[in-house]
Amino acid sequence: MPSDRKPIMQVENLEAWYGESKALHGMTFDVHEGELVTLIGRNGAGKTSTLRSIMGIVGTRTGSIRFRDQELIRKRTYQIARAGIAYCPEERAIFAGLTVAENMTLPPILSPGGLTDAQLLEAFPNLKARRKSGGSKLSGGEQQMLAIARILRTGSRFILLDEPSEGLAPVIVKEIGAQIQKLKEQGYTIVLVEQNLQFARLVADRHVVVENGEVVDTLSNEDLSSNLDRVKTYLGV
Amino acid sequence: MFDGVSTQLLFGQVLIGLINGSFYAMLSMGLAIIFGLMSVVNFAHGAQYMLGAFVAWALLNYLGIPYWGALFIAPVVVGAFGLFMERTILRPIQNLDHLYSLLATFAAVLIIEGLVRQQYGSTGLPYNSPLPGGVNLGFMFMPWYRLWVVLFSIVICFGTYILIEHTKLGAYLRAANEKPEIVESFGINVPRMISLTYAFGVGLAGLGGVLAAPIYQVSPSMGSNLMIVIFAVVVIGGMGSILGAILTGYLIGVVEGLTKVFYPEGANLVIFVIMIFALILRPNGLFSGKEGLK
């Protein structure tokens, strides 16, 4: 793990609000290039809010998000995306009014090195046959594939992935796990929100435990196995 | 053809219906685009249409720029005015209830119409037809200018429809209509896109005004008179459905024309009778399918 080098992203004392209600109470963590970091914790701990705050999709946020020597805290969502961060939301956000092909090619190419349309269809063969279907006609697994596929097009190599395994059949989860593994091998940096500990352990380098909008623990993937009981207490399972 | 109805009268009224329908279609389409993306009921649409006619009149009378030049310049001028309105009036209240934008655009109507009335009076100004004359079709006389308006409006309406339903730009608009924050997370400047869409819809209203100038009087109230019908068209067609707005616009124009032939007393009422039935039978609009902005 390249922990001796300077992190690609440093989140410091990040606080966020949705209207009146405070969702994050000072998150501090960092992510290194090529690393896969998970945010784990109970429902409502602030994992999704953390990703949304990084992306600027919250009401108000304070603190600091440094990404490649650039401060993002005051940037607009589209500027954050153009800085090289891609976001795959929990609800997958497939556009019902657009076809699968339109959904797939919607994100613009922001920097070189993204996957071409042909490469995407090769990587996600299920989507090929359904190119002309409406976005709402896809199964949950297909929607998840599409949500991941389309952001790989932009050329961004820093990806925020929110619960890709949620609500999917084990065989699909396995397939998505294999895709994430492949992205890691290709050098992508990934922040993964995950409830499914088994899934998280298969792909992660490091785990950041979130509770009440704060980081309460950080463990390497090896440490996770030896501290499983402690982690399960955090997760309430 | 029908007892007591001459073909001349019948086709004459169908033509007038199509002319009126051209304006109904263009204006309700603009309203539908704006509502679809911004959830703003643009009450100022009629005033912006009126501004298009006045800009055309001013271009001709102050700068000597004829109709064909105004056809391009006036929509740009009115669109730029729309951009200004979006930035100054609509953006500050974009997160409030829809009622606020409706009231704000209504206030804009009062101000715009008042200023124009102050400057030019309320009687209306003449604007000569750029295409005088016409052709005798045997059963009726077809003025060239009216033929031009019908054909041009069809091109504009269906061109806009194709732009929104079948291009990449249109895909961005439809997507931003569903989930703006996700589209923005792809690196697209959604606020700017919304401003430009409003300007485009307003520019369409301005274009309608230029087209209308040689047909109707260029007067401060020309837009308000039309808007009542336009809102009925939008309600019948389905709020935010572009194709619905276009088709309903032409349909209502023709139905109105035909009513003038067969039951003249009902011509002003028929649109609202249809609206009532549409609201009862298909409250989401006749064309509220799954297509496009909704």
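The values are calculated or read from the model by the stated rules, or taken from the named source; none is laboratory data. Since the structure is predicted, the reported quantities are computational estimates derived from the model, not experimental observations. So basically every Cβ, Gly included, is an ideal-geometry build from the backbone, and we count neighbours across all protein chains shown. Just the protein is used for accessible areas: all its heavy atoms, side chains included, with ligands, DNA and RNA removed. Shrake-Rupley method; radii C 1.70, N 1.55, O 1.52, S 1.80 Å.
A quick yes/no check of all residues on (1) more than 13 Å from every other protein chain (Cβ to nearest Cβ); (2) touching a residue at least 12 places away in the same chain (Cβ under 8 Å); (3) of a type in the set (Gly, Ala, Ser):
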position: A:86; (1), (2), (3): no, yes, yes
position: A:90; (1), (2), (3): no, yes, no
position: A:127; (1), (2), (3): yes, yes, no
position: A:133; (1), (2), (3): no, yes, yes
position: A:144; (1), (2), (3): yes, yes, no
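For segment A:64-76, a residue qualifies if it is part of a loop (DSSP other than H, G, I, E, B) and either more than 9 Å from chain B (Cβ to nearest Cβ) or surrounded by 21 or more Cβ atoms within 10 Å (Cβ to Cβ) (or both), and the qualifying residues are A:68, A:69, A:72, A:73, A:74, A:75.
All conditions but one from (1) more than 21 Å from residue B:79 (Cα to Cα); (2) open to solvent by 30 Å² or more (accessible area, probe 1.4 Å); (3) over 19 Å from the mean Cα position of the chain (by Cα) apply to residue B:187; the one that does not is (2). Take the conditions (1) modelled with pLDDT of 90 or more; (2) open to solvent by less than 40 Å² (accessible area, probe 1.4 Å); (3) within 14 Å of chain B (Cβ to nearest Cβ); residue A:79 misses just one of them, which is (2).
Within 30 Å of residue B:188 (Cα to Cα), modelled with pLDDT under 95 and surrounded by fewer than 14 Cβ atoms within 10 Å (Cβ to Cβ): is that true of residue B:137 in this structure? In short, no. Residue B:285 meets the stated requirement of being in contact (Cβ under 8 Å) with a residue 24 or more places away in the chain and assigned to a loop (DSSP other than H, G, I, E, B). Examine segment A:29-50 for a residue that is under 21 Å from residue A:187 (Cα atoms), open to solvent by 10 Å² or more (accessible area, probe 1.4 Å) and among the acidic types (Asp, Glu), and state whether such a residue exists. Within segment A:29-50, one or more residues are under 21 Å from residue A:187 (Cα atoms), open to solvent by 10 Å² or more (accessible area, probe 1.4 Å) and among the acidic types (Asp, Glu). In the set (1) more than 22 Å from residue B:159 (Cβ to Cβ); (2) modelled with pLDDT of 90 or more; (3) within 14 Å of chain A (Cβ to nearest Cβ), residue B:275 fails one condition alone, (3). Please find, within segment B:149-184, the residue that is nearest to the other protein chains (Cβ to nearest Cβ) out of those that are more than 23 Å from the chain's Cα centre (by Cα) and β-branched (Val, Ile, Thr). The qualifying residue nearest to the other protein chains (Cβ to nearest Cβ) is B:182. Cβ-Cβ distances below 6 Å connect the following pairs, each with a first residue in segment A:62-83 that is closer than 17 Å to residue A:33 by Cα, a second residue that is open to solvent by 30 Å² or more (accessible area, probe 1.4 Å), and a separation of six or more residues or different chains: A:66/A:10; A:83/A:70. Which members of segment A:92-125 meet the condition of being more than 8 Å from chain B (Cβ to nearest Cβ) and either open to solvent by 50 Å² or more (accessible area, probe 1.4 Å) or in contact with a His (Cβ under 9 Å, 6 or more places away or on another chain) (or both)? Scanning segment A:92-125 gives A:109, A:112, A:113, A:116, A:117, A:118, A:119, A:122, A:125.
Does residue B:215 satisfy the condition of being more than 14 Å from every other protein chain (Cβ to nearest Cβ), part of a helix (DSSP H, G or I), more than 25 Å from residue B:88 (Cα to Cα) and β-branched (Val, Ile, Thr)? No. Selection over segment B:236-272 of residues that are open to solvent by 20 Å² or more (accessible area, probe 1.4 Å), in a helix (DSSP H, G or I) and either acidic (Asp, Glu) or under 27 Å from residue B:171 (Cβ atoms) (or both) gives a count of 4. If you filter segment A:156-198 down to residues that are of a type in the set (Gly, Ala, Ser) and touching a residue at least 60 places away in the same chain (Cβ under 8 Å), you find that the one that is most open to solvent (accessible area, probe 1.4 Å) is A:187. Hey, which of the helices (runs of 4 or more DSSP H) in segment B:116-211, taking only ones fully inside, have at least 1 residues that are in contact (Cβ under 8 Å) with a residue 60 or more places away in the chain? Ranges flagged: B:144-166, B:168-178.
All conditions in (1) out of contact with any Phe, Trp or Tyr (no Cβ under 8 Å at 6 or more places or on another chain); (2) over 21 Å from residue A:107 (Cβ atoms) hold for residue A:218, with the sole exception of (1).
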